[in-house]
Ligand code: PSV
Ligand code: MN
Ligand code: MN
């Protein structure tokens, strides 16, 4: 199925009455801000969709089919194309190897081009043993005490880079399940040493214009220790690798109540925030829809991201990706909801009165500081998103358009009720 420009145009024509930005425009002008520039920033914000977010939902306890799931990489790209046609915010895909090994590279590139999709970071997989694997990752991969497993994992990452090069990707994300489930199981220092050594080898084998993103996570699947447990460990490893190695922040990879916005600020100040995975959580790495649980927290994080993007020019523009799971929802609807939450938080951060905030901070006027942030957070910025969408050719209300175009029904008609097993 393909959504045409005419369909979107007709939909927008029927739904155009619903937004009004005059009041907000006056307010922004009084702060010396230009609303058109803010709208342009919203249009420019593109978030990669991971290929594993499009299949049947659920958890390791069970997966539930909803019908019309993509059963090939081609179909996954088509699904992202649908989301991109509706939102104009999902112009990239993040692939996972070996879940997504492209058989015909040119054909895959053609489909991506046709749908306006770029290839963002490649993800390697050294947390599962594949059928016919020569070595096992049962006791670790890049950190393994077993040299053969380590080398096998390094080789896999180099292979992923090679596939990514053919597709036009420019970065590799490494997330490791490596750690220990019981005290005494591994030697912490040897595990960290081996991880650093392996990452340096991978980094040394990447093309000069590639970036390495090192993801951290405090626990799961190992429940006693994870070798790259926190941003500090990732930062240290990135520094050991070199200039083009960065830390990747995944919102779900923190212990409860961690001050993620402060981590963002620290990394950006040091020019080391490379990648960002969006999701939301109540307890741990729940991978819930972005903004579903803690939208104010998301805003505070975006507040630091916007500040960093404006102030820390030595920090590269971060690679944004959604890393959430839809569980019982239609994945395309869930991704549209996530994109909406991301853009709302971003727009709210863009309208923060930074000059007034700086003055209030200089005066130690804590009350005014809080008022300024909450004023932005409590502003309804959905009109800005609608204006951005009209300008970029997206649907003014992507979720409503998705339903009114009967996308899921069409996909079920085309593809039947297949279930895709890949995914987390
Ligand atoms: C596992 O926690 C995880 O969700 C990480 O966040 C990675 O980014 C993703 O899997 C893909 O490997
Ligand atoms: Mn992640
Ligand atoms: Mn995760």
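Considering each residue of the stretch 243-262, count those that are more than 16 Å from ligand 3 (Cβ to nearest atom), at negative phi and either outside any strand (DSSP E or B) or without any contact (Cβ under 8 Å) to a residue 40 or more places away in the chain (or both), and give that number. Count: 5. Selection of the stretch 203-233 for residues being within 15 Å of ligand 1 (Cβ to nearest atom), in contact (Cβ under 8 Å) with a residue 40 or more places away in the chain and either under 16 Å from residue 193 (Cα atoms) or in a loop (DSSP other than H, G, I, E, B) (or both) yields 214, 217, 219, 220, 221, 222, 223, 226, 227, 228, 229.
Among the residues here, residue 322 qualifies as within 16 Å of ligand 3 (Cβ to nearest atom) and either within 29 Å of residue 243 (Cα to Cα) or modelled with pLDDT of 95 or more (or both). With respect to residue 236, determine if the residue is away from ligand 2 (no atom under 12 Å from the Cβ), free of Cβ contacts under 8 Å to residues at least 60 places away in the same chain, under 22 Å from residue 351 (Cα atoms) and not in a strand (DSSP E or B). For residue 236, the condition - away from ligand 2 (no atom under 12 Å from the Cβ), free of Cβ contacts under 8 Å to residues at least 60 places away in the same chain, under 22 Å from residue 351 (Cα atoms) and not in a strand (DSSP E or B) - is not met.
Evaluate the stretch 264-271: report whether one residue or more is surrounded by 22 or more Cβ atoms within 10 Å (Cβ to Cβ) and within 16 Å of ligand 1 (Cβ to nearest atom). Checking the stretch 264-271: not a single residue is surrounded by 22 or more Cβ atoms within 10 Å (Cβ to Cβ) and within 16 Å of ligand 1 (Cβ to nearest atom).
Report yes if some residue within the stretch 205-214 is within 16 Å of ligand 3 (Cβ to nearest atom), touching a helix residue (DSSP H, G or I) at 6+ places or on another chain (Cβ under 7 Å), closer than 24 Å to residue 162 by Cα and at pLDDT 95 or above; otherwise report no. Before the answer, list the steps.
Our first condition is that a residue be within 16 Å of ligand 3 (Cβ to nearest atom); within the stretch 205-214, this holds for 213-214.
Right, trim to touching a helix residue (DSSP H, G or I) at 6+ places or on another chain (Cβ under 7 Å) and you get 214.
Add one more test, that the residue is closer than 24 Å to residue 162 by Cα, and what stays is 214.
Now narrow it down to the ones that are at pLDDT 95 or above: 214.
For the stretch 205-214, residues within 16 Å of ligand 3 (Cβ to nearest atom), touching a helix residue (DSSP H, G or I) at 6+ places or on another chain (Cβ under 7 Å), closer than 24 Å to residue 162 by Cα and at pLDDT 95 or above: present.
Quick check: is even one residue across the stretch 158-166 assigned to a loop (DSSP other than H, G, I, E, B) and either surrounded by 22 or more Cβ atoms within 10 Å (Cβ to Cβ) or in contact with a helix residue (DSSP H, G or I) (Cβ under 7 Å, 6 or more places away or on another chain) (or both)? There is no residue in the stretch 158-166 that is assigned to a loop (DSSP other than H, G, I, E, B) and either surrounded by 22 or more Cβ atoms within 10 Å (Cβ to Cβ) or in contact with a helix residue (DSSP H, G or I) (Cβ under 7 Å, 6 or more places away or on another chain) (or both).
Which of the following residues is more than 16 Å from residue 79 (Cβ to Cβ), free of Cβ contacts under 8 Å to residues at least 40 places away in the same chain and outside any loop (DSSP other than H, G, I, E, B): 129, 110?
Going through 129, 110 in turn, just one is more than 16 Å from residue 79 (Cβ to Cβ), free of Cβ contacts under 8 Å to residues at least 40 places away in the same chain and outside any loop (DSSP other than H, G, I, E, B): 110.
A count restricted to the stretch 265-278 and to residues that are within 16 Å of ligand 3 (Cβ to nearest atom) and in contact with a helix residue (DSSP H, G or I) (Cβ under 8 Å, 6 or more places away or on another chain) stands at 2. Of everything in the stretch 170-209 that is touching a strand residue (DSSP E or B) at 6+ places or on another chain (Cβ under 6 Å) and more than 15 Å from ligand 2 (Cβ to nearest atom), the residue that is farthest from residue 267 (Cα to Cα) is 186.
In the stretch 165-193, the residues that are under 27 Å from residue 206 (Cα atoms) and touching a residue at least 60 places away in the same chain (Cβ under 8 Å) form Cβ pairs under 8 Å with partners that are assigned to a helix (DSSP H, G or I) and within 16 Å of ligand 1 (Cβ to nearest atom), at six or more places apart or across chains, as follows: 171/164. Cβ-Cβ contacts under 7 Å between residues 6 or more apart (or on different chains), taken from a first residue in the stretch 276-288 that is within 16 Å of residue 50 (Cα to Cα) to a second residue that is in a strand (DSSP E or B) and within 9 Å of ligand 3 (Cβ to nearest atom), are listed as 277/250.
The values are calculated or read from the model by the stated rules, or taken from the named source; none is laboratory data. Owing to the predicted nature of the structure, the values given are computational and were not obtained by experimental measurement. Neighbour counts run over all protein chains shown; Cβ positions are idealised from the backbone, glycine included.
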